[in-house]
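**Student:** If you scroll down you'll find the structure; I have some questions about it.
The values are calculated or read from the model by the stated rules, or taken from the named source; none is laboratory data. Since the structure is predicted, the reported quantities are computational estimates derived from the model, not experimental observations. Every residue, glycine among them, receives a Cβ derived from its backbone with ideal geometry; neighbour counts consider all protein chains shown. All accessible areas refer to the heavy atoms of the entire protein, side chains included, with ligands and DNA or RNA removed. Shrake-Rupley method; radii C 1.70, N 1.55, O 1.52, S 1.80 Å.
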Amino acid sequence: MRNEASDDRWILLIAIFKLMKGVLLVAAGIGAMRLLHKDVGDVVERWIDVLRVDPDNHYVHAFLVKAVAVDDRTLKEISAGTFAYAALFLTEGAGLLLRKRWAQYFTIIVTISFLPLEVYELARHPSAAKVIVILLNVAIIAYLIIRLRSESSVAIP
């Protein structure tokens with residue numbers, strides 16, 4: 001019985017993780033939508049001033065150059081993609097929270113499908129955070145596969 005409670009705890013943690021990612025993506029999508037019909041460069045410059053960030057910093061300058069190039073069409077595409085990605089995470093999280101078996105399969109499929117993109121991004125711009133995210137996703141996939149296999153091997157009386 002203790003093993004089952006421990007398994008439920010891991011499913012709950014994965015569900016909360018997926019729901020948090022979904023909520024953050026919804027917030028990002030709303031933020032992108034709020035930038036529609038505004039000069040994104042001006043908005044970014046205002047935030048740089050508010051946060052008292054050095055505008056001559058190489059990274060800040062590079063970000064500002066990219067932000068100036070963003071137009072309404074790009075913002076719409078970014079927000080649509082962000083909302084779609086958020087819907088996947090929220091579906092995974094809600095299904096896992098409700099202890100639905102389909103959600104475990106869905107989480108495995110969705111998480112595996114994004115691994116090649118994550119590895120590609122890691123190869124282009126290596127960082128410790130990207131390595132941690134990839135390892136966490138691989139651990140989630142492995143845990144869910146092992147859990148599903150063990151559940152299916154249990155004989156029904």
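**Student:** If you roll a 1.4 Å probe over the heavy atoms of the protein chains, what accessible area per residue do you get for the chain, in Å²?
**Tutor:** Solvent-accessible surface per residue comes out at 69 Å².
**Student:** At a Förster radius of 35 Å, what calculated FRET efficiency corresponds to the Cβ-Cβ distance of I30 and R101, to the nearest 0.05?
**Tutor:** Plugging the Cβ-Cβ distance into 1/(1 + (r/R0)^6) gives 0.60.
**Student:** For region 24-102, what % of the accessible area comes from carbon and sulfur atoms, probe 1.4 Å?
**Tutor:** 64
**Student:** Note the angle between two axes, namely the Cα long axis of helix 72-97 and the longest principal axis of the Cα atoms of the chain, as a number of degrees from 0 to 90, rounded to the nearest 10.
**Tutor:** The angle comes out near 20 degrees.
**Student:** Quick one: net charge around L64, please, counting Lys, Arg +1 and Asp, Glu -1 for every other residue with C-beta under 11 Å from its C-beta.
**Tutor:** Surrounding charge for L64 is -2.
**Student:** State whether region 71-122 is rounded, prolate or oblate according to the following rule on the C-alpha gyration tensor (a ≥ b ≥ c being the square roots of its eigenvalues): a/c under 1.5 gives rounded; otherwise a/b larger than b/c gives prolate, and the remaining case gives oblate.
**Tutor:** Oblate.
**Student:** Quick check: pseudo-label points 7 Å beyond the Cα along Cα→Cβ at S150 and L122, how many nm apart are they?
**Tutor:** Those two pseudo-labels are separated by 2.5 nm.
**Student:** Rounded to the nearest 10 degrees, what's the angle between the helix 40-50 long axis and the longest principal axis of the chain, both from Cα atoms, 0 to 90?
**Tutor:** Helix 40-50 sits at roughly 90 degrees to that axis.
**Student:** Related question: Calculated from DSSP H runs of 4 or more alone, at -39500 (n - 2.57) each and per residue, what is the 222 nm mean residue ellipticity of the chain, nearest 500?
**Tutor:** Result for the chain: -29000 deg cm²/dmol, rounded to the nearest 500.
**Student:** Using a basic spin-label model with each label point 7 Å from the Cα along Cα→Cβ, how many nm lie between K66 and D54?
**Tutor:** Spacing of the two 7 Å Cα→Cβ label points: 2.0 nm.
**Student:** Explain nothing, just compute: Karplus ³J(HN,Hα) = 6.51 cos²θ - 1.76 cosθ + 1.60, θ = phi - 60°, for every residue of region 30-36 in order, whole Hz, x for Gly and Pro.
**Tutor:** Running phi through 6.51 cos²θ - 1.76 cosθ + 1.60 with θ = phi - 60° gives 5, x, 5, 5, 5, 7, 4 Hz.
**Student:** I've got another one for you. The chain: longest stretch without exposed trypsin sites (Lys or Arg not before Pro) (DSSP loop, at most 15 other Cβ within 10 Å), sites themselves excluded?
**Tutor:** The reported range is 101-157.
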